[in-house]
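The values are calculated or read from the model by the stated rules, or taken from the named source; none is laboratory data. Values in this document were obtained by computation on a predicted structure and should not be read as measured data. Reconstructed Cβ throughout: ideal geometry from the backbone, glycine too, with neighbour counts over all protein chains shown.
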Amino acid sequence: MMMLAAYTGARRSELVRSRLDDLDFHSGMIRIREKKRSREFSLSYRYVPMTQQLSGVLEMWLKQHPGGQNTLMADDGTEVTAKMANWSSLKKPPCQRGAVLPWFVGGIVGSCCAW
């Protein structure tokens, strides 16, 4: 989630609205579903280029994706809500749960379990 946010500038609420069909690896673009741009529509979109680094991380995530139409899903296959999508809501840190979550710090890409 942090890589997706860092490379797209998406807000937390936009991240949890992200669906698998928003990821277009062929064109190298990601569709961001937003609610703030236009009051005429309940949902509007913006398109953000997908870098090679983000593409690689998303492809790794899709190999272990628990199923469902949303890009971000909980380990048990339920949809992640904006309230759930923060570190303080986790009962255990991701590395203790056996999850490999990509992170981005100052241009360095890795995973929290790699250390």
Inset, instruction - Could you check, for the range 57-69, whether at least one of its residues is in a strand (DSSP E or B), at pLDDT 85 or above and surrounded by 12 or more Cβ atoms within 10 Å (Cβ to Cβ)? - result: no
Inset, instruction - Within the range 1-30, track down each residue that is under 12 Å from MET50 (Cα atoms) and either of a type in the set (Phe, Trp, Tyr) or exposed (fewer than 15 other Cβ atoms within 10 Å of the Cβ) (or both). - result: TYR7, GLY9, ASP24, PHE25, HIS26, SER27, GLY28, MET29
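Rundown of residues vs (1) part of a helix (DSSP H, G or I); (2) at pLDDT below 95; (3) not β-branched (Val, Ile, Thr), yes/no style:
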| residue | (1), (2), (3) |
| --- | --- |
| ALA5 | yes, yes, yes |
| ALA10 | no, yes, yes |
| LEU15 | yes, yes, yes |
| SER27 | no, no, yes |
| ILE30 | no, no, no |
| LYS36 | no, yes, yes |
| GLU40 | no, yes, yes |
| ARG46 | no, yes, yes |
| GLN53 | yes, yes, yes |
Legend entry - Enumeration of residues in the range 1-25 that are within 8 Å of the chain's Cα centre (by Cα) and among the small types (Gly, Ala, Ser): ALA5, SER18
Inset, instruction - Six or more apart or on different chains, Cβ under 9 Å: which pairs go from a residue in the range 62-78 that's free of Cβ contacts under 8 Å to residues at least 60 places away in the same chain to one that's assigned to a helix (DSSP H, G or I) and surrounded by 10 or more Cβ atoms within 10 Å (Cβ to Cβ)? Could you list them? - result: LEU62/LEU20; HIS65/LEU20; GLY68/LEU20; GLN69/LEU20; ASN70/VAL16; ASN70/ARG17; ASN70/LEU20
